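The values are calculated or read from the model by the stated rules, or taken from the named source; none is laboratory data. What you see is a predicted model; the values in this text were computed from it and never measured. Cβ sites come from the backbone with ideal geometry, for glycine too, and all protein chains shown count toward neighbours.
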Amino acid sequence: RILASQIASQISLHQPYGGIVPEIASRSHNLVLRPLINSTLEEASLALSQIDAFAATAGPGLASSLLIGNTTAKALALVQDKPFLSINHLEGHLLSPFLDAKTNTITPCVALIVSGGHTLLVHLRNINDYHLLGRTRDDAAGEAFDKVAKMLNLPYPGGPEIDRLSKKGDPSAYEFPRSMINSRDFAFSFSGLKTAMFYTLKKIPNPQHELNNLAASFQEAVVDVLVSKTITAAHYTKEFLITVSGGVSCNSRLREAFVARCHEANLDLKISPPHLATDNAAMIAFAAAQKLALNLTSSFTEDINPNLPLV
Ligand code: KG4
Ligand code: ZN
């Protein structure tokens with residue numbers, strides 16, 4: 001059960017630059033982390049001494065930002081004489097669909113993780129037993145949303161903007177490629193879609209009047225590939241549960257398509273609720289709680305790793 005999960009959003013700090021500026025990110029983490037921890041404890045009505053273990057993300061991510069969380073969690077664990085757990089950010093996303101008050105039980109599934117930096121299909125057999133089925137060869141799905149949004153002069157982050165405009169657009173107005181949809185593996189590629197948008201924009205006399213249709217057609221292409229490949233992966237692994245996590249899983253059309261196609265294919269579906277789909281502390285704490293139950297704590301000398309792989 002989540003007692004409190006707070007976020008100090010930096011979106012407004014980075015918005016003027018159209019993307020994340022690493023130094024601004026880490027300096028802001030350094031300023032806000034202590035007060036954020038205090039207000040989270042207050043919300044949960046807990047004292048620091050009542051916390052059983054301290055966890056932080058070890059990667060993948062920006063080194064300078066990872067170091068702030070890592071150092072803070074280690075310091076708190078040392079001072080309180082409690083275990084420290086170093087958590088993979090992607091494992092946080094991977095397990096987040098199981099974080100619900102009713103069960104909290106992790107069961108075998110095919111998991112799609114779609115975020116700003118990652119797109120991967122994982123066969124989850126058990127906690128700590130993950131098999132990578134495939135990943136993107138170039139851009140992540142969220143990155144494609146953000147880059148295409150930038151081309152359409154929409155504010156950062158572009159994913160939610162495209163989602164919003166698409167609701168008023170026709171998804172079949174423009175024909176965008178479904179890259180690798182029929183490839184015989186579980187790899188993805190989204191950079192061709194970006195190029196296709198670039199050339200489509202050159203051809204239309206007044207793209208600003210076509211934003212809804214462009215957004216909807218682009219979004220449909222991404223959704224089509226993600227849903228089709230995930231369902232094929234479920235058949236391939238003979239799993240009957242699909243999970244979807246990461247920021248892009250907030251996308252309303254992706255959610256709708258997964259619900260419809262899983263129903264048709266007789267598959268169960270768990271999608272992280274939006275507040276657990278985009279980056280959050282609860283998913284890292286949940287992964288840490290699973291590991292703590294298995295006594296898989298980390299050493300205080302464990303390093304961060306900006307390229308930490310999930311498997
Ligand atoms: O998981 P996340 O919060 O951070 C990373 O680990 O990257 O994912 C952020 C990504 C961004 O690319 C953002 O544009 C995308 O998730 N996103 C969406 C939506 N909400 C967030 N993409 C499409 N539709 C949305 N509604
Ligand atoms: Zn993330």
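Below are the figures for this structure:
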| item | result |
| --- | --- |
| Candidates R178, R125 - the one that is in a loop (DSSP other than H, G, I, E, B), free of Cβ contacts under 8 Å to residues at least 60 places away in the same chain and over 15 Å from the mean Cα position of the chain (by Cα) | R178 |
| Residue that is of a type in the set (D, E) and either closer than 22 Å to L165 by Cβ or touching a residue at least 60 places away in the same chain (Cβ under 8 Å) (or both), where the choices are E264, E220 | E220 |
| Lone unmet requirement of (1) modelled with pLDDT under 95; (2) crowded, with 21+ Cβ neighbours inside 10 Å for F286 | (1) |
| Residue within segment 199-216 that is surrounded by 16 or more Cβ atoms within 10 Å (Cβ to Cβ), touching an Asp or Glu at 6+ places or on another chain (Cβ under 7 Å) and more than 30 Å from T237 (Cα to Cα) present | yes |
| Tally of residues being among the β-branched types (V, I, T) and farther than 20 Å from L33 by Cα across segment 268-282 | 1 |
| Residue count, segment 128-149 (criterion: in contact (Cβ under 8 Å) with a residue 60 or more places away in the chain, outside any loop (DSSP other than H, G, I, E, B) and more than 15 Å from ligand 1 (Cβ to nearest atom)) | 5 |
| Conditions (1) over 23 Å from L90 (Cα atoms); (2) within 13 Å of ligand 1 (Cβ to nearest atom); (3) assigned to a loop (DSSP other than H, G, I, E, B): number failed by D279 | (1) |
| Selected residue (only one of K167, K202 is of a type in the set (K, R) and free of Cβ contacts under 8 Å to residues at least 60 places away in the same chain) | K202 |
| Whichever residue in segment 107-122 is within 13 Å of ligand 2 (Cβ to nearest atom) and of a type in the set (S, T, Y) and, among such residues, is nearest to the chain's Cα centre (by Cα) | S115 |
| Extreme residue, nearest to ligand 2 (Cβ to nearest atom), among residues of segment 150-168 that are more than 13 Å from A216 (Cβ to Cβ) and outside any loop (DSSP other than H, G, I, E, B) | G159 |
| Set L193, L226, L201: member being more than 21 Å from the chain's Cα centre (by Cα) and in a helix (DSSP H, G or I) | L201 |
| Lone unmet requirement of (1) modelled with pLDDT of 95 or more; (2) of a type outside the set (S, T, N, Q); (3) within 15 Å of ligand 2 (Cβ to nearest atom); (4) within 22 Å of I37 (Cα to Cα) for V248 | (4) |
| Only listed residue being surrounded by fewer than 23 Cβ atoms within 10 Å (Cβ to Cβ) and within 14 Å of ligand 2 (Cβ to nearest atom), chosen from N88, N128, N104 | N88 |
| Selection count, segment 225-259, where residues are surrounded by 18 or more Cβ atoms within 10 Å (Cβ to Cβ) and of a type in the set (D, E) | 1 |
| Any hit, segment 73-88, residues being in contact with a helix residue (DSSP H, G or I) (Cβ under 9 Å, 6 or more places away or on another chain), of a type in the set (S, T, N, Q) and modelled with pLDDT under 95 | no |
| Only one of K291, K270 that is of a type in the set (K, R) and within 15 Å of the chain's Cα centre (by Cα) | K270 |
| Residue list for segment 91-101, restricted to those being surrounded by fewer than 23 Cβ atoms within 10 Å (Cβ to Cβ) and of a type in the set (D, E) | D100 |
